[in-house]
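Q: Please see the structure below; I have some questions.
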2 protein chains.
Amino acid sequence: MITLSTRECSEARRLQRHLVTLTKGHTVYHQGDSADCWYEVVSGIVRTCHIQGDGHRQLTGFHYTNDVFGLDSNTYRESAEAVTDVILQRFANGELGAAGRSNGVPDRVLEKALESARRSIFLLGHRTAANRMAAFLIAVAERSGISAGVKLPMTRSDIADHLNLTLHTVSRTISEFVRRGLISLDGPQNVRILHLEGLRATAGEAEPESFVHAAPVPSSWDDPCESSAA
Amino acid sequence: MITLSTRECSEARRLQRHLVTLTKGHTVYHQGDSADCWYEVVSGIVRTCHIQGDGHRQLTGFHYTNDVFGLDSNTYRESAEAVTDVILQRFANGELGAAGRSNGVPDRVLEKALESARRSIFLLGHRTAANRMAAFLIAVAERSGISAGVKLPMTRSDIADHLNLTLHTVSRTISEFVRRGLISLDGPQNVRILHLEGLRATAGEAEPESFVHAAPVPSSWDDPCESSAA
DNA sequence: CGTCTCCTTGAAAGCGTTCAATTACAGTGG
DNA sequence: CCACTGTAATTGAACGCTTTCAAGGAGACG
């Protein structure tokens, strides 16, 4: 199921590997727990949540099949919960080096985690509710294969906490997309994308034709002093 | 000085390593360039910016001494620019494996990048302008050592694009903090933190227990820091 | 001294939140 | 089968924060 290079496979063999099954709504680990394992999703969806001091919940990611989560150094700074029934593969962290947990996690796993974090940053960077919601739908659609329908097994509240909006705004925005003919709904969880280009434009990711590559910054970096080290 | 383990050092020796010097405002690389190097900041501050299709600029991070940036797989999805005069150490990516660039980047570097990405997510997850601005000031202060004054070499516009606000809101929020006695300014770039606990509370990161000003927050903070809780 | 860039501030408009009510639906027990 | 219950989703209306539009000020530099 999991695709690792041969080198990574031999590394992984040294780790304790377990399959974990959880039903919808249950917790994989809590924020503040000792972070001695990380996980890869075999099937289902997991959400990672960070609770701030004032009680605000921030959803730092939805993790689908082959995604990894739980790569924290000391204690988990977010909790992880099953959005659907899930099967996970658990990996033990190597013993803590001087720099904290470091050994035993293959490069590719860290890269995937970094990739995932970046997706969240780009999502949150969109300005308006419609921007963020459209970008989110596109992201979910791309993960599921754009094909026909997109499933949203998470609640509106989950989406809201992921996009830093309220569930009301999420609901209203989805309704607005339906009115505009961008998508249609078959129940709250089943979305059909009718007009992908329109969604892309709404997300702010379409090229407005008008400007090619507005990068007036001079690339004056060929000449600066450059010296090789050690 | 870069601190790497002996194993990482031997790995790093296989890489091409160069020192790069850039003056304020110049570009390290552009979004869309082929991503064949990553960088570590030796001195100064670098910002990484992502430009969306509609022209909106998102600032994905400020990178201080010892921070790394530029760890992209194929082409850079953000550009990197010098906020101040900077000295960087450039590392060549290993040759591209089947999974894209993977070899040659030590675990610790990927971990630092992941850490950095998470900080951005947590920042953007704060709800209001005051929340995000306070959290940003605290983050910058912690990086610089809380000590006395905090320097903000980046422009208000940079901060705005990092927190997903407008420069007007950033400016107004800073002014409000001054009015409330949380900070004082000595020129736009020099901040002195007068009431760290108040800032923490504003960021939403204080425990609800220590919430004294639950409701109104009048502008009677004029008196500098003193007993906030009990 | 003029120009430039950056920062600050006022006023009005727009958008998202908050408060509040209604609807839809799954599960449960009569 | 149907009422009852609880959770999730939708929608309306008013409020308020952030943006937008507009103007003015503070330094740096030639």
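Q: Within a 10 angstrom radius of each residue's Cβ in B:44-53, how many Cβ atoms of other chains show up on average? Whole number is fine.
A: That works out to 3 on average.
Q: Here's another thing I want to ask about it. Across peptide B:20-30, how many C-beta atoms of other chains are within 10 Å of each residue C-beta, on average? Spell out each step's value before the answer.
A: On the way: counts 5, 5, 4, 3, 0, 3, 6, 6, 2, 2, 4.
Partner-chain Cβ atoms within 10 Å, mean over residues of B:20-30: 4.
Q: What lysines sit close enough to A:Lys24 to cross-link, taking a C-alpha to C-alpha distance under 19 Å and skipping anything fewer than 8 places away on the same chain?
A: Those lysines meeting the cut-off are A:Lys151.
Q: From a point 7 Å beyond the Cα of B:Ala139 in the direction of its Cβ, which residues of region A:48-73 have a backbone N at a distance under 16 Å?
A: Once the point is set 7 Å along Cα→Cβ of B:Ala139, A:50-53, A:58-61 turn out to lie under 16 Å by backbone N, inside region A:48-73.
Q: So, one more: Order by neighbour count: B:Glu176, A:Glu111, fewest other Cβ atoms within 10 Å first, most last.
A: Least crowded to most crowded, the residues run B:Glu176, A:Glu111.
Q: Placing a label point 7 Å from Cα toward Cβ, how far apart in nm is B:Asn66 from its equivalents in the other copies, listed shortest first to one decimal?
A: For B:Asn66, the other copies' label points sit at 3.6 nm, shortest first.
Q: Amide H neighbours of B:Thr75 under 5 Å, counting only residues 5+ apart in sequence or on other chains, H built in-plane at 1.01 Å?
A: B:Ala35
Q: Along Cα→Cβ at 7 Å, what distances in nm separate the B:Thr155 label point from those on the other copies, shortest first?
A: 4.4
Q: Where does each of A:Met154, A:Met133 land when they are ranked from fewest to most other beta-carbon atoms within 10 angstrom? Mind showing how you got there, number by number?
A: On the way: A:Met154 19, A:Met133 26.
So the residues, fewest neighbours to most, are A:Met154, A:Met133.
Q: Along the charge dipole of region A:13-167, which of A:Ile138, A:Phe69, A:Ser120 sits closest to the positive end, that is, farthest toward it, with unit charges on the beta carbon of Lys, Arg, Asp and Glu (+1, +1, -1, -1)?
A: So the residue furthest toward the plus end is A:Ile138.
Q: Among B:Ile174, A:Ile87, which comes first, then next, by fewest other beta-carbon atoms within 10 Å? Mind dumping the intermediate values first?
A: Values: B:Ile174 20, A:Ile87 15.
So the ranking, lowest neighbour count to highest, is A:Ile87, B:Ile174.
Throughout, read-outs are computed from the coordinates displayed, never taken from laboratory work. As the structure is a computational prediction, the values presented were derived from the model and not from experiment. Cβ: placed from backbone, ideal geometry, glycine included. Neighbour counts: every protein chain shown.
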